[in-house]
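Worksheet: the structure to be examined is printed underneath.
The values are calculated or read from the model by the stated rules, or taken from the named source; none is laboratory data. All values derive from a computational prediction rather than experimental measurement. Heads up, the Cβs are rebuilt from the backbone with ideal geometry, glycines too, and the neighbour counts pull from every protein chain shown.
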Amino acid sequence: MGFRYEVRLSGSGGQGLILVGKVLAEAAAIYDDKNATQSQSYGPEARGGASRSEVIISDEDIDYPKATNIDLLLALTQESCDKYYKDLKDGGILLVDSEYVTQLPRGNFRNYKVPISEIARSQVGKVLVANIVALGIITELSGVVSREAVESAILSRVPKGTEELNLKAFRVGLEKGKALKEKD
């Protein structure tokens with residue numbers, strides 16, 4: 001049995017989760033030479049409704065593109081946390097934005113409550129890049145893709161003119177993820 005890692009990024013439409021999924025999949029597939037799939041679904045509203053993006057990374061062929069046994073779940077809203085935490089596998093990681101997720105579920109997984117939006121606002125200067133701060137934390141906590149691969153994918157995916165802002169957000173997230181790992 002080969003290596004397989006499943007990530008679900010969840011929140012509401014407009015939070016940039018589809019972009020983060022695409023960056024993560026591109027980092028794995030193009031820059032780290034692994035197999036990856038990325039899929040997404042939206043609620044009935046494009047912005048404000050439930051939204052999720054799933055990425056599967058493997059060293060073998062991926063025969064089913066939907067995440068069913070989640071290794072890492074990012075929940076940026078209480079609704080998404082409540083809806084998806086049951087899909088986390090034993091020993092998985094639940095990463096939540098503590099500004100919006102106040103009720104943590106119980107289960108056999110590790111919980112990380114991080115004020116992701118506040119970090120983006122205060123340390124990067126724009127709450128808009130909270131998704132990229134979260135990507136930095138995910139990169140550090142999971143170890144599933146290299147920092148260099150994610151940086152390359154960010155540069156190829158973010159809107160022109162926002163590269164430095166997004167790289168700063170990513171690096172702030174990496175530092176936060178590193179601090180969380182040191183606490184474990």
>> Looking at (1) more than 19 Å from Val114 (Cβ to Cβ); (2) at pLDDT 95 or above, which one does Ile70 not meet, given that it meets all the others?
In response: (1)
>> Step by step: first the residues of the stretch 55-67, then only those that are of a type outside the set (Asp, Glu) and outside any strand (DSSP E or B), then the one that is modelled with the lowest pLDDT. Which residue is that?
In response: Pro65
> Do we find a residue being part of a helix (DSSP H, G or I), touching a helix residue (DSSP H, G or I) at 6+ places or on another chain (Cβ under 9 Å) and either under 15 Å from Ala27 (Cα atoms) or not small (Gly, Ala, Ser) (or both) anywhere in the stretch 105-117?
Replying inline: yes
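Listed here are the residues, each with its yes/no results for (1) touching a Gly at 6+ places or on another chain (Cβ under 9 Å); (2) loosely packed, with under 14 Cβ neighbours inside 10 Å; (3) small (Gly, Ala, Ser); (4) assigned to a helix (DSSP H, G or I).
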residue	(1), (2), (3), (4)
Ser39	yes, no, yes, no
Ser53	yes, no, yes, no
Asp82	no, yes, no, yes
Ile93	no, no, no, no
> So which pairs qualify, if the first residue must be in the stretch 167-183 and of a type in the set (Asp, Glu), the second must be surrounded by 13 or more Cβ atoms within 10 Å (Cβ to Cβ) and part of a helix (DSSP H, G or I), the Cβ gap must be under 8 Å, and the two must be at least 6 apart or on different chains?
Replying inline: Glu175/Gly136
> For the stretch 1-24, which residues satisfy the criterion of being hydrophobic (A, V, I, L, M, F, W, C) and either assigned to a loop (DSSP other than H, G, I, E, B) or free of Cβ contacts under 8 Å to residues at least 40 places away in the same chain (or both)?
Replying inline: Met1, Phe3, Ile18
